[in-house]
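Enquirer: A single structure is presented below for examination.
The values are calculated or read from the model by the stated rules, or taken from the named source; none is laboratory data. Quick caveat: nothing in here was measured; it's all calculated off a predicted structure. Neighbour counts are summed over all protein chains in view; Cβ atoms, including those assigned to glycine, are modelled from backbone coordinates with ideal geometry. Surface areas here come from the heavy atoms of the whole protein model, side chains and all, with no ligands, DNA or RNA. Shrake-Rupley method; radii C 1.70, N 1.55, O 1.52, S 1.80 Å.
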Amino acid sequence: MKKYDFLILGAGIFGITTAIELRKRNYSVGVLNPGKIPHPLAESTDISKIIRMEYGTDIEYMTMVEECLPVWREWNDFFNDSLFHEVGFLLLSRSLLEKDSSGFESASYFNLLKKGYQPERLDIEQRKKLFPSINHDQYTDAFYHKIGGYAESGRVIETLTKYAVQLGINIHEEQTAGEIKINNNKAEGVITKEGNTFNAGHVIVCAGNLSPFLVPGLKSYIKITGHPVFHLKPSQPDFFSYPHLSVIAADISNTGWYGFPFHPKEKVVKIANHGKGIEINDPEKDERVVYENDIIQLKNFLKESLPALVNDPIVYTRRCCYTDTFDGHFWIDNHPEIKGLTIGTGGSGHGFKMGPIIGDMIATVAEGKSHKWSARYRWRHISEKTINNEEARFLNRNNHS
Ligand SMILES: Cc1cc2nc3c(=O)[nH]c(=O)nc-3n(C[C@H](O)[C@H](O)[C@H](O)COP(=O)(O)OP(=O)(O)OC[C@H]3O[C@@H](n4cnc5c(N)ncnc54)[C@H](O)[C@@H]3O)c2cc1C
């Protein structure tokens with residue numbers, strides 16, 4: 001029976017980029033994933049995900065995205081497909097940027113300037129002219145950064161999976177890892193829920209929401225949280241199309257609301273909330289629905305900020321689940337006790353944009369080496385009391401006692 005050098009559990013952005021990276025290092029690589037790839041319940045599966053450099057005071061994440069951006073652009077050329085749309089990012093703030101230098105918008109703006117970028121500070125008249133669909137009277141200040149935008153995440157996974165097969169990676173769809181085979185404290189493969197055995201010298205768990213169920217020790221550091229996503233069919237598509245609308249964050253660290261321009265293929269406007277979310281005990285069984293109250297909150301936001309969209313039909317809703325580490329940082333390390341077992345997960349609602357470097361990081365750690373970015377994502381002792389540091393996230397931090 002074939003024995004892979006590396007067997008990867010999960011073909012989301014963490015797993016598939018790791019597989020490609022390890023194959024390029026001449027290892028034999030197998031990938032298991034339930035159902036079809038991209039899996040409908042996977043975090044990476046969606047019509048769009050934001051690619052932004054803006055991370056408030058967090059220079060490490062900003063610099064990591066700086067490294068990712070050229071690859072996002074290269075992938076468009078390499079795959080001859082517009083997977084990444086560089087429509088830019090408009091950050092709206094309810095306070096003057098100078099007023100709160102540690103605020104998400106303010107710190108992002110000044111850190112971009114420090115790095116030599118030219119985010120455009122826009123006064124209300126300029127904003128009304130450039131982005132007419134937004135009710136700018138709600139926002140005291142704003143800046144637009146032409147660098148960044150969104151990636152068609154589900155199609156990125158589809159494309160990378162095809163590329164992985166071309167590289168000689170064995171992709172096993174309809175295979176759900178059930179149990180990691182451990183012998184003398186060493187991982188030696190996996191037994192799937194479908195009753196098949198896959199052998200490997202090293203196992204890498206990139207199963208997103210299901211990772212804590214495959215590696216029980218992770219439950220002490222990671223929770224699963226569900227977040228509402230809405231697709232609306234605008235009656236005035238042009239009004240919401242780039243360049244009249246870019247990716248937007250509406251005072252996001254205090255509201256959670258963000259949105260995308262009219263999607264050229266899906267013909268919808270996606271609006272979602274990057275907030276606390278609701279805790280999900282079993283992501284496989286959870287009905288993952290959006291509740292009446294979520295729709296009321298959406299309507300209130302639209303009435304206030306995107307009034308021309310408030311009466312347009314919601315044509316799709318989804319509760320998508322974050323693999324949420326308590327501090328909001330990714331979880332990338334070798335298991336502290338079990339040899340030949342690596343974990344790459346913990347996207348915490350902001351991991352997709354890191355696709356171009358996340359595979360390199362996980363592969364390097366799995367080889368037992370350090371990666372220039374890996375220190376912060378190592379196995380660490382955090383708890384429910386730990387503060388989540390992802391600064392764009394609406395978490396009512398001020399109320400954290
Ligand atoms: C609503 C929402 C909005 C987001 N918006 C953004 C954004 O704008 N920008 C951004 O950068 N990030 C965003 N994120 C975060 C980003 O999507 C995730 O961090 C990233 O996609 C995580 O990738 P992953 O590979 O770890 O997990 P996943 O994409 O979930 O992949 C895990 C894979 O493992 C498979 N799997 C599950 N169980 C098993 C098993 N037992 N055996 C084998 N395989 C298994 C699954 O089928 C899946 O294919 C968002 C996330 C959500 C939920």
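Enquirer: If you scan region 176-190, which residues turn out to be free of Cβ contacts under 8 Å to residues at least 60 places away in the same chain, within 11 Å of the ligand (Cβ to nearest atom) and open to solvent by less than 70 Å² (accessible area, probe 1.4 Å)?
Expert: 178
Enquirer: Any residue at all in region 43-56 that is within 11 Å of the ligand (Cβ to nearest atom), acidic (Asp, Glu) and either closer than 30 Å to residue 122 by Cβ or under 16 Å from the mean Cα position of the chain (by Cα) (or both)?
Expert: Yes, region 43-56 contains a residue that is within 11 Å of the ligand (Cβ to nearest atom), acidic (Asp, Glu) and either closer than 30 Å to residue 122 by Cβ or under 16 Å from the mean Cα position of the chain (by Cα) (or both).
Enquirer: I would also like to ask the following. Is at least one residue of region 237-247 open to solvent by 50 Å² or more (accessible area, probe 1.4 Å) and touching a Gly at 6+ places or on another chain (Cβ under 9 Å)?
Expert: yes
Enquirer: So residue 23 passes all but one of these: (1) open to solvent by 50 Å² or more (accessible area, probe 1.4 Å); (2) part of a loop (DSSP other than H, G, I, E, B). Which condition number does it fail?
Expert: (2)
Enquirer: Follow-up. Just the residues that are open to solvent by 20 Å² or more (accessible area, probe 1.4 Å) and either of a type in the set (Val, Ile, Thr) or in a loop (DSSP other than H, G, I, E, B) (or both), please, taken from region 43-57.
Expert: Residues satisfying the conditions are 43, 45, 46, 47, 50, 57.
Enquirer: Cβ contacts < 7 Å: first residue under 13 Å from residue 319 (Cβ atoms), restricted to region 288-303; second residue open to solvent by less than 80 Å² (accessible area, probe 1.4 Å) and small (Gly, Ala, Ser), any location; separation 6+ or different chain. Result?
Expert: That search, which allows pairs on different chains as well, returns 288/226.
Enquirer: Turning to a different aspect of this structure: Please determine whether any residue of region 6-18 is at pLDDT 95 or above, more than 7 Å from the ligand (Cβ to nearest atom) and surrounded by fewer than 24 Cβ atoms within 10 Å (Cβ to Cβ).
Expert: Scanning region 6-18 turns up no residue that is at pLDDT 95 or above, more than 7 Å from the ligand (Cβ to nearest atom) and surrounded by fewer than 24 Cβ atoms within 10 Å (Cβ to Cβ).
This table checks each residue for (1) within 22 Å of residue 16 (Cα to Cα); (2) under 16 Å from the mean Cα position of the chain (by Cα).
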position: 316; (1), (2): no, no
position: 320; (1), (2): yes, yes
position: 324; (1), (2): yes, yes
position: 348; (1), (2): yes, yes
position: 354; (1), (2): yes, yes
position: 358; (1), (2): yes, yes
position: 365; (1), (2): yes, no
position: 371; (1), (2): yes, no
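Enquirer: Among the residues that make up region 142-151, is at least one of them more than 22 Å from residue 81 (Cβ to Cβ) and basic (Lys, Arg)?
Expert: No - not one qualifying residue is present in region 142-151.
Enquirer: Provide a single number: the residues in region 276-306 that are surrounded by 16 or more Cβ atoms within 10 Å (Cβ to Cβ) and touching a Gly at 6+ places or on another chain (Cβ under 6 Å).
Expert: 2
Enquirer: When you scan region 88-107, how many residues do you find that are in contact with a Gly (Cβ under 8 Å, 6 or more places away or on another chain) and surrounded by fewer than 20 Cβ atoms within 10 Å (Cβ to Cβ)?
Expert: Final tally of qualifying residues: 2.
Enquirer: Does residue 60 meet the test of being in a helix (DSSP H, G or I), free of Cβ contacts under 8 Å to residues at least 24 places away in the same chain and closer than 30 Å to residue 243 by Cα?
Expert: no
Enquirer: Any idea which of 232, 218 is open to solvent by less than 10 Å² (accessible area, probe 1.4 Å), farther than 30 Å from residue 381 by Cα and either more than 13 Å from the ligand (Cβ to nearest atom) or more than 16 Å from the chain's Cα centre (by Cα) (or both)?
Expert: 232
Quick grid of which residues meet (1) over 19 Å from residue 362 (Cα atoms); (2) among the acidic types (Asp, Glu):
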| position | (1), (2) |
| --- | --- |
| 167 | no, no |
| 171 | no, no |
| 174 | yes, yes |
| 178 | yes, no |
| 186 | no, no |
| 193 | yes, no |
| 196 | yes, no |
| 202 | no, no |
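Enquirer: In addition: Which one of these does residue 256 not meet: (1) farther than 16 Å from residue 149 by Cα; (2) at pLDDT 95 or above; (3) surrounded by fewer than 23 Cβ atoms within 10 Å (Cβ to Cβ)?
Expert: (3)
Enquirer: Which one of 270, 285, 299, 303 is in contact with a His (Cβ under 9 Å, 6 or more places away or on another chain) and of a type in the set (Lys, Arg)?
Expert: Only one candidate qualifies: 270.
For every residue, the table says whether it meets (1) among the hydroxyl-bearing types (Ser, Thr, Tyr); (2) at pLDDT below 95; (3) within 16 Å of the ligand (Cβ to nearest atom).
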{"site": "308", "(1), (2), (3)": "no, no, no"}
{"site": "317", "(1), (2), (3)": "yes, no, yes"}
{"site": "325", "(1), (2), (3)": "yes, no, yes"}
{"site": "338", "(1), (2), (3)": "no, no, no"}
{"site": "346", "(1), (2), (3)": "no, no, yes"}
{"site": "363", "(1), (2), (3)": "no, no, yes"}
{"site": "390", "(1), (2), (3)": "no, yes, yes"}
{"site": "394", "(1), (2), (3)": "no, yes, yes"}
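Enquirer: Among (1) within 16 Å of the ligand (Cβ to nearest atom); (2) touching a residue at least 40 places away in the same chain (Cβ under 8 Å); (3) part of a loop (DSSP other than H, G, I, E, B); (4) open to solvent by 50 Å² or more (accessible area, probe 1.4 Å), which single condition is residue 40 missing?
Expert: Looking at each condition in turn, residue 40 falls short on (2).
Enquirer: Can residue 129 be described as away from the ligand (no atom under 16 Å from the Cβ), open to solvent by 40 Å² or more (accessible area, probe 1.4 Å), more than 20 Å from residue 357 (Cα to Cα) and not aromatic (Phe, Trp, Tyr)?
Expert: Taking the combined requirement at face value, the residue satisfies it.
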